[in-house]
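See structure below.
The values are calculated or read from the model by the stated rules, or taken from the named source; none is laboratory data. Nothing here was measured: the structure is a model prediction, and the numbers come from that model. So basically every Cβ, Gly included, is an ideal-geometry build from the backbone, and we count neighbours across all protein chains shown. Just so you know, the surface numbers come from the protein's heavy atoms only, side chains and all, with ligands and any DNA or RNA stripped out. Shrake-Rupley method; radii C 1.70, N 1.55, O 1.52, S 1.80 Å.
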Amino acid sequence: MGYRFLPVILVFFILSMFQAGCTVKKMAKQAAQFESVGMFKEAADLYYQASIKKPQAVEYKTGLKRSGQMYLEDMASGINHAFNRGDYKKVVYDYLSMQDFTAKVKRTGMDLNIDYSTQRLYENASELYLTERYEQGQKLITDQSYEEAKKVFSEIHQIKPDFRDTKNYLNTATLEPMYQNGSNLFSQRKYMDAYREWEKVSNRDPGYKDVKNLMQQALSERYKEGTLLLIDENFDAAAIALGDVYRINSGYLDVRSQYFEACNEPIYRRSNQQLTAGKCRTAYFGYDNIIKDAGDYKDSRTLKEQALACAQYPVAVHSGSMPQYSSDGKEFENVMLDHLLKLNDPFLKIHKLSVINSKIDNSFRGNPGSFDRSQLKELHDRNGIKAVLILSFSEYTKVEGKLEKFTKTGFERQVMKSTTGETTFYDKKVTYIEYMKNNGTSLTMSYQLISTLTGEILLSQRLEGNETDKMHYATYEGEQKNLYPAALRNNTYSLDDRNYSSLQSLLKSDARITSADKLRDKVFVDLSEKIANAVKNFNPEK
């Protein structure tokens, strides 16, 4: 902060202090006026505020002590009259107000006195008033008007916490409605609702009546319900009932084993039926869910392994030739295999047809698009292959473009100023170089998934992929920002300022370009990923 701002800050500070001082003086003046007409409470309040704002001002504290003491004397007189006419409630609450007022004034460092006779009146009145309220609260408890009783005993507790056994009655007024509501719910066989009501009681007072035993009784009844539902093989309802108990107390009797049985027995039976019916994949996932939930439930682990063995789907991959690009054809096959393996599908078993049966692979290669049923059957019976994935390439191009270089005419503009300050331009004709190159890869192909058992075409799709990149930039050895293109008109070059920004963009353009091989790799990855996902999503059991 610069020093030149300090005077401004000081001015604002002085003004604010002056304003505060004026406000306090107004308070004190108003307080004196209130005091002069006997409005001691109002006067004391203003003196109090002034003392808080200016604690060093003794005259405000003196005024507060004087008017405050007078206010207490007025209050004491009113308490005396109230006591004489039997208004004990007013005595109690006015005396408490006097105590609050003296505590407030004490924060300024001033002590006010409540005379002993007033204190004695309060003690007598409070005993009488609280006894009356206490007896009224007892009657409300007897009448089971708990909400009203709670208000009464809360009032007594606020005035005198240790008055007789107020705490016990307040506890009863608060907890008994919940306790009884729990009993009503229990009688309606809403055991968990009853449990939750009694739990509220227990959380506030664990020793309240027999609430702990009742909570256990509610759990026991809910457990019995779940057990009977399980015996009747009503698994869904049993799982809900036993789950209620399990979540509260997982160690309650044998609730854990029964709960897991209710949750998993339907899945277990359904998975067994699916396994028998040859729906091995579905059965596998069923057993897997059981194991994740319940661990070693019956023989789920053994059956899961059986389902996996049944569901495994060995596929042999045959890749056709790619005209003039045999190495790229093999590269596509490798990328394809890599995607299939990365799927980590528990059912897919991927093989290269050339490895497991080179004879049939060569036969397919020699007769593309024609498949002998006997050869497919041989793959099924001899090699255990359930389907063949045929990759066929119809069109493929890969172009690594030639770098083209063009010498261009332009102008380098120089700004000149005369001695008189006039600006002129000098445009010098120059040459600069433009470079261009285009790379690209495109592939048109198809794939088929063919059943070795039936010869049925299970999947078939034609795919196309295309990736290109180009490079177009310019270089100039002089001051690039002053370079303008030239326009040729009537065999004469002139400065072309309309295309200045385009040329500047070329001067700043990237000289790098993606190679044809890298563009090929992207096409291969995109297409092989589509094929891999199609094979993964194919379910032979549907």
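Key figures
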read-out: Helix axis angle, 88-106 relative to the chain longest principal axis, alpha carbon, degrees; value: 70
read-out: Degrees between helix 211-231 axis and first principal axis of the chain (Cα, 0 to 90, nearest 10); value: 30
read-out: Sequence-distant residues sharing a close amide H with Leu458 (under 5 Å, placed H); value: Leu449, Ile450, Ser451
read-out: Too-long pairs where the Cα-Cα distance tops 29 Å, listed order kept, from Lys359/Lys518; Lys139/Lys224; Lys106/Lys160; value: Lys359/Lys518; Lys139/Lys224
read-out: Crossing angle, helix 280-294 versus the chain [Cα axis fit, 0-90 degrees, rounded to tens]; value: 30
read-out: (i) 123, 109, 29; (ii) 84, 52, 48; (iii) 125, 68, 60, with the label sought being that of the calculated Cα extents along the principal axes in Å; value: (i)
read-out: Carbon + sulfur, % of accessible area of the chain - ligands and nucleic acids excluded, 1.4 Å; value: 49
read-out: Surrounding net charge for Asn344, when Lys and Arg each add one and Asp and Glu each subtract one, Cβ distance under 13 Å; value: +1
read-out: The stretch 110-191: C-alpha gyration tensor shape, a/c 1.5 cut-off, then a/b vs b/c; value: prolate
read-out: Peptide ranges 58-64, 479-485 listed from the most packed, as the mean C-beta count within 10 angstrom indicates; value: 58-64, 479-485
read-out: Sequence-distant residues sharing a close amide H with Ala387 (under 5 Å, placed H); value: Ala316, Thr452
read-out: Accessible surface, per residue, of the chain when the full set of protein chains is kept, probe 1.4 Å, Å²; value: 58
read-out: Most to least packed among 200-213, 489-502, 439-452 [average Cβ atoms within 10 Å]; value: 439-452, 200-213, 489-502
